[in-house]
Amino acid sequence: MRLKTGKLPPEVLTKILKGLPCNSVDVIIGPRYGVDGAILNVGRKRFAFTSDPITFTSKESVYYLFSVNINDTISMGAKPEFFAINLLFREGITQEEVESIFIELSQYASMYDICIITGHTEVTPGLKSNILSGFMFGSVLREVGPEKIKERDVIVQIKGVAIEGTAILAREKENELLTKFDHEFVHRCKNFLFDPGICLHKVGLEVLEKFSVHSLHDPTEGGIQTAVYEVLKAANMGAEIFEKEFLIYEETKEISKFFKINPLGLISSGCLLAILDEQEGVELCEYFNNLGIPAKIVGRVLGHERGIFLIKDGKKEELTPFERDQILEVL
């Protein structure tokens, strides 16, 4: 079977991950579908480990690299602290360009108080663009995970869907968008990268420090609909998800309409899913809304036998992951 561009199909990934040997008693959470990283006991401390590359775009690649790895580390209940980086440079890159990338690495490491500890660099034959890949880890602040999700928990969305997708499309398809929208609109969409922003460092740490969350998940490829499916499958739980409750910025709606794509399946770094008790969920939403950061209950967890359903236009339909991210329909 030839696989399409994008994430591996859930049934394929689930099957091959089960074949990986992982027998150490120090592995608390190992490789499994729907989980953003691993949790290990290291001496008397518990650490989260995550890994992510940058593949969709080369623009602002260092910021992307930090953001996606920070988001995954926070989703594992941990504070991002250490970072190992592999830098595969394209053929023909100049020394000045390499030095510029390292300046950016230093700037973002200082901004987020993260130590870059090791890595690998090379100019790779055949590469047309740079590939950056990171391996981040940090100490666990709160034990979260799919196994802690309970029936009657609520699913909270913090920040709008497809922040990353909106920014990428505006940056990569600027000229096309300018045939319909004005420069101010396109500039605003391009700046989604930083405002509302794809990095969950501040928001994520506040969630972990202030609320008794059971599970966190960072929607990336396949969008928020795929992310909801992933975390519920990992938890072996059912749910009712209310489509009308999803937070979608007006800019994202307009861009999605222009390209005839579904924003619920559009790459969504910058958004965070939190699953927790209902009362805590209400308090979490109130807290972030008071800060001007949108947060809303979008679903409720049910028993496994109830299935995972999307409530859409008053009708109930099975919720399924997107086979490939909607951005690939455009790029």
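The values are calculated or read from the model by the stated rules, or taken from the named source; none is laboratory data. Please read all numbers here as calculations on a predicted model, not as lab measurements. Using ideal geometry, Cβ is built from the backbone for each residue, glycine included, and neighbour counts are taken over all protein chains shown. Quick note on the areas: whole protein, heavy atoms, side chains included, nothing else; ligands and nucleic acids left out. Shrake-Rupley method; radii C 1.70, N 1.55, O 1.52, S 1.80 Å.
Just to be sure, is residue 320 within 20 Å of residue 77 (Cα to Cα), assigned to a loop (DSSP other than H, G, I, E, B), open to solvent by 20 Å² or more (accessible area, probe 1.4 Å) and touching a residue at least 12 places away in the same chain (Cβ under 8 Å)?
No.
Among the residues of the range 268-280, is there at least one that is part of a helix (DSSP H, G or I) and touching a helix residue (DSSP H, G or I) at 6+ places or on another chain (Cβ under 7 Å)?
The answer is no; no qualifying residue exists.
Out of all the residues in the range 80-93, is one or more touching a residue at least 60 places away in the same chain (Cβ under 8 Å) and under 17 Å from residue 52 (Cα atoms)?
yes
Kindly indicate which of 240, 254, 221, 283 is outside any helix (DSSP H, G or I) and either surrounded by fewer than 23 Cβ atoms within 10 Å (Cβ to Cβ) or touching a Phe, Trp or Tyr at 6+ places or on another chain (Cβ under 7 Å) (or both).
Just one listed residue meets the conditions, 240.
If I ask for residues that are open to solvent by 30 Å² or more (accessible area, probe 1.4 Å) and either hydroxyl-bearing (Ser, Thr, Tyr) or assigned to a helix (DSSP H, G or I) (or both), which ones from the range 91-107 would you list?
94, 95, 96, 97, 98, 99, 100, 102, 103, 104, 106, 107
Which of the residues spanning the range 185-212 are open to solvent by 50 Å² or more (accessible area, probe 1.4 Å), closer than 14 Å to residue 144 by Cβ and not polar (S, T, N, Q)?
Scanning the range 185-212 gives 209, 210.
Among the candidates 176, 230, 151, single out the residue that is assigned to a helix (DSSP H, G or I) and touching a Gly at 6+ places or on another chain (Cβ under 6 Å). Break it down stepwise before answering.
On the way: 176 fails: touching a Gly at 6+ places or on another chain (Cβ under 6 Å); 151 fails: assigned to a helix (DSSP H, G or I).
Checking each option against the conditions leaves just 230.
Have a look at 320, 220 and point out the one that is hydroxyl-bearing (Ser, Thr, Tyr) and farther than 20 Å from residue 159 by Cα.
From the options 320, 220, the qualifying one is 320.
Do you know which residues across the range 168-185 are closer than 17 Å to residue 257 by Cβ and under 23 Å from the mean Cα position of the chain (by Cα)?
Within the range 168-185, 168, 169, 170, 173 meet the criteria.
Go through the range 154-173 residue by residue and tally those that are part of a helix (DSSP H, G or I), touching a residue at least 40 places away in the same chain (Cβ under 8 Å) and within 30 Å of residue 241 (Cα to Cα). Please lay out each step first, then the result.
Of the residues in the range 154-173, the ones part of a helix (DSSP H, G or I) are 163-172.
Next cut, touching a residue at least 40 places away in the same chain (Cβ under 8 Å) only: 163-166, 168-172.
Next, from what is left, pick out any that are within 30 Å of residue 241 (Cα to Cα): 163-166, 168-170.
Number satisfying all stated conditions: 7.
Applying the selection to the range 62-90, what residues are surrounded by 19 or more Cβ atoms within 10 Å (Cβ to Cβ) and either over 18 Å from the mean Cα position of the chain (by Cα) or among the hydroxyl-bearing types (Ser, Thr, Tyr) (or both)?
Residues satisfying the conditions are 63, 64, 67, 73, 75, 85, 87, 89.
Determine, yes or no, whether residue 228 is under 19 Å from the mean Cα position of the chain (by Cα) and open to solvent by less than 40 Å² (accessible area, probe 1.4 Å). Spell out how you get there, then give the answer.
Details: under 19 Å from the mean Cα position of the chain (by Cα): yes; open to solvent by less than 40 Å² (accessible area, probe 1.4 Å): yes.
Judged against the criteria, residue 228 is a match.
Taking the options 18, 45, 4, name whichever one is under 24 Å from residue 137 (Cα atoms), open to solvent by 40 Å² or more (accessible area, probe 1.4 Å) and touching a residue at least 12 places away in the same chain (Cβ under 8 Å).
45
What do you reckon, is residue 28 assigned to a strand (DSSP E or B), of a type in the set (A, V, I, L, M), open to solvent by less than 20 Å² (accessible area, probe 1.4 Å) and over 21 Å from residue 127 (Cβ atoms)?
It is false that residue 28 is assigned to a strand (DSSP E or B), of a type in the set (A, V, I, L, M), open to solvent by less than 20 Å² (accessible area, probe 1.4 Å) and over 21 Å from residue 127 (Cβ atoms).
For residue 80, work out the one condition from (1) modelled with pLDDT of 95 or more; (2) under 28 Å from residue 331 (Cα atoms); (3) in a loop (DSSP other than H, G, I, E, B) it doesn't fulfil.
(2)
Six or more apart or on different chains, Cβ atoms under 9 Å: show the pairs whose first residue is in the range 289-311 and among the small types (Gly, Ala, Ser) and whose second is surrounded by 18 or more Cβ atoms within 10 Å (Cβ to Cβ) and assigned to a loop (DSSP other than H, G, I, E, B).
295/159; 303/237; 307/319
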